[in-house]
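Take a look at the structure below.
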Amino acid sequence: MKRFKLLWVLASVLIIASMALAACTQAVDEPVVDEPPAASDELAVGIVLPTKDEPRWIQDETRFKDALTAQGYAVEILFSQGDPAKEKQNVETLISKGIKVLIICPHDGTAAAAAAEAARAAGVKVVSYDRLILDTEAVDYYVTFDSVAVGEAQAQYLVDKASGTGLPLYLYAGAASDNNAFLFFEGAWNVLQPKIADGTFVIKNSSEAVALQDKAELTRDEMGKIIGQITTNWDFNVAKNLAEANLTAAAAEDKGDVFVLAPNDGTARSIADTFAADPDVTSYLVTGQDAEKASVQYIIDGKQSMTVLKDVRTLVGDAIAAAVKFLDGQTPEQTNTYFNNVIEVPAKPSEVVSVDKDNVKAAIIDSGYYEAGEFTGLE
Ligand code: BGC
């Protein structure tokens, strides 16, 4: 009886196996439909962006989608939500899907080295996008704006509006984990420092900056000390709390008509609202960057003084062009290099445009960056 059962089981297994084999053979024998390869096979590219919580990176996502759809490509865009572990996981997911080029904007430049190295080990070309990946050889190319020029444009705006001496200056910076925060600050310092040294401006919210105010060029460590006191961590709430703390600590005579270096649009709006709410602040000028829609509206409304337009369409175009070159076994165009503490990374930085109320229509609307209908009060 037992033997019969065993035979029966064996026979069933054989029948099922032969059916499966037949199905496979049939699948192999079926005529191959001559379809062009899916677009995603042609551009084997994965994109990793730092966070959905800041409009800047939503801009990049949108512009990537627009450009790739227009060119008939499909790619996957993943967000790391400010978490290097999630970022590494995103990269691993994309590697397992067979990408050949990784376009990645790191949340934390140093922490992202491990993700870049994992990609390199899998034979994937690594394009550092907007922010430089630090402390590793595993970066093949860097697409970026001229970030020193961004800081210089912000500072130049304040200098151009300054007259007299002893003008109160409040300084704010980005996150120390982002190499760009140093480049922006370096650019701003290039332009502001001579105007601090000659007495035009007086720094009100950083003892470290005051201690270094006679030095035209700062080392990274020196900048690190200042940034440690004035960092917003690229976070709107941190920016608001810091501005509030600074204004609480400052005497009424340290306020009046104030000049504020804010590192980007998101933090600029928080800082602007905080300064606007202080009764001892008579007027304020505040910088920004990114041309976020909310800040364009703030500029039209006179609540933020300027922004720096970094045309994301250009950066996206450069990133896609670099990816296509790599896929073709070629090297992308290079005009500069950026040192990431280990290697000189080839790059081709793009220009930036300073935007205030006077040229907001020409720079933002007439250029086709955004549509007029997205704003109110445009002249
Ligand atoms: C980018 C800025 C952005 C900031 C905060 C920087 O690395 O270059 O455009 O505002 O990060 O996300």
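Would it be correct to say that Val238 is within 16 Å of the ligand (Cβ to nearest atom) and free of Cβ contacts under 8 Å to residues at least 40 places away in the same chain? Step through it out loud before you land on a result.
Numbers: within 16 Å of the ligand (Cβ to nearest atom): yes; free of Cβ contacts under 8 Å to residues at least 40 places away in the same chain: yes.
Yes.
Hey, any hits in the range 220-230 for a residue that's more than 28 Å from Leu134 (Cα to Cα), under 28 Å from the mean Cα position of the chain (by Cα) and surrounded by fewer than 23 Cβ atoms within 10 Å (Cβ to Cβ)? First the steps, then the outcome.
The initial filter retains those residues of the range 220-230 that are more than 28 Å from Leu134 (Cα to Cα), namely none.
For the range 220-230, residues more than 28 Å from Leu134 (Cα to Cα), under 28 Å from the mean Cα position of the chain (by Cα) and surrounded by fewer than 23 Cβ atoms within 10 Å (Cβ to Cβ): absent.
Which ranges mark the strands (runs of 3 or more DSSP E) fully within the range 284-379 that have 3 or more residues being open to solvent by 10 Å² or more (accessible area, probe 1.4 Å)?
Numbers: elements: 306-309, 336-339, 344-347, 353-356.
Strands (runs of 3 or more DSSP E) meeting the threshold: 336-339, 353-356.
How many residues does the range 94-142 hold that are buried (at least 21 other Cβ atoms within 10 Å of the Cβ) and under 19 Å from the mean Cα position of the chain (by Cα)?
26
Looking at the range 44-53 only, could you name the residues that are in a loop (DSSP other than H, G, I, E, B) and either modelled with pLDDT under 90 or open to solvent by less than 20 Å² (accessible area, probe 1.4 Å) (or both)?
Ala44, Pro50, Thr51
Please enumerate the residues belonging to the range 144-167 that are away from the ligand (no atom under 16 Å from the Cβ) and open to solvent by 10 Å² or more (accessible area, probe 1.4 Å).
Within the range 144-167, Gln156, Tyr157, Val159, Asp160, Lys161, Ala162, Ser163, Gly164, Thr165, Gly166, Leu167 meet the criteria.
What's the total number of residues in the range 130-143 that are within 10 Å of the ligand (Cβ to nearest atom) and hydroxyl-bearing (Ser, Thr, Tyr)?
Residues that pass the stated criteria total 0.
Can you name the number of the only condition in (1) within 14 Å of the ligand (Cβ to nearest atom); (2) within 16 Å of the chain's Cα centre (by Cα) that Gly317 fails?
(1)
Limited to the range 101-151, what total is found for residues that are more than 20 Å from Ser350 (Cβ to Cβ) and touching a Gly at 6+ places or on another chain (Cβ under 6 Å)?
Residues flagged as more than 20 Å from Ser350 (Cβ to Cβ) and touching a Gly at 6+ places or on another chain (Cβ under 6 Å) within the range 101-151 amount to 3.
Does the range 183-200 include one or more residues that are open to solvent by less than 20 Å² (accessible area, probe 1.4 Å) and within 24 Å of Val316 (Cβ to Cβ)?
Yes - at least one qualifying residue is present in the range 183-200.
Would you call Gln213 part of a helix (DSSP H, G or I) and open to solvent by 40 Å² or more (accessible area, probe 1.4 Å)?
Spelling it out, it is not the case that Gln213 is part of a helix (DSSP H, G or I) and open to solvent by 40 Å² or more (accessible area, probe 1.4 Å).
Among the listed residues Val296, Val308, identify the single one that is modelled with pLDDT of 95 or more, aliphatic (A, V, I, L, M) and within 13 Å of the ligand (Cβ to nearest atom).
Every option except Val308 fails the conditions.
With the requirement that a residue be over 12 Å from Ala116 (Cα atoms) and at pLDDT 95 or above, what does the range 74-92 give you?
Residues of the range 74-92 over 12 Å from Ala116 (Cα atoms): 74-83, 85-86.
Ile77, Leu78, Phe79, Ser80, Gln81, Gly82, Asp83, Ala85, Lys86 - these are the residues of the range 74-92 that are over 12 Å from Ala116 (Cα atoms) and at pLDDT 95 or above.
Being more than 19 Å from Asn179 (Cα to Cα), in contact (Cβ under 8 Å) with a residue 12 or more places away in the chain and within 12 Å of the ligand (Cβ to nearest atom) is true for just one of Pro50, Pro55. Which residue is that?
Values: Pro50 fails: more than 19 Å from Asn179 (Cα to Cα).
Of the residues listed, the single one that is more than 19 Å from Asn179 (Cα to Cα), in contact (Cβ under 8 Å) with a residue 12 or more places away in the chain and within 12 Å of the ligand (Cβ to nearest atom) is Pro55.
Would you confirm, using the coordinates I've provided, whether Ala277 is open to solvent by 10 Å² or more (accessible area, probe 1.4 Å), under 20 Å from Asn241 (Cβ atoms) and within 14 Å of the ligand (Cβ to nearest atom)?
On the way: open to solvent by 10 Å² or more (accessible area, probe 1.4 Å): yes; under 20 Å from Asn241 (Cβ atoms): yes; within 14 Å of the ligand (Cβ to nearest atom): no.
Considered against the rule, which asks whether it is open to solvent by 10 Å² or more (accessible area, probe 1.4 Å), under 20 Å from Asn241 (Cβ atoms) and within 14 Å of the ligand (Cβ to nearest atom), Ala277 comes out as no.
Considering (1) open to solvent by less than 40 Å² (accessible area, probe 1.4 Å); (2) closer than 22 Å to Pro194 by Cα, say which one Leu247 fails and leave the rest.
The failed condition is (2).
Name every residue in the range 256-269 that is assigned to a helix (DSSP H, G or I), closer than 14 Å to Leu171 by Cα and among the small types (Gly, Ala, Ser), in order of residue number.
Ala268
Would you say Leu327 is in contact with a strand residue (DSSP E or B) (Cβ under 7 Å, 6 or more places away or on another chain), more than 14 Å from the ligand (Cβ to nearest atom), touching a residue at least 24 places away in the same chain (Cβ under 8 Å) and not basic (Lys, Arg)?
yes
Residues of the range 54-73 being open to solvent by 50 Å² or more (accessible area, probe 1.4 Å), modelled with pLDDT under 95 and of a type in the set (A, V, I, L, M), which ones?
Correct list: Ala70 only.
The values are calculated or read from the model by the stated rules, or taken from the named source; none is laboratory data. Worth saying up front: this structure is predicted, and the values here are computed from it rather than measured. Note: ideal-geometry Cβ built from the backbone for every residue, glycine included; neighbour counts use all protein chains shown. Just so you know, the surface numbers come from the protein's heavy atoms only, side chains and all, with ligands and any DNA or RNA stripped out. Shrake-Rupley method; radii C 1.70, N 1.55, O 1.52, S 1.80 Å.
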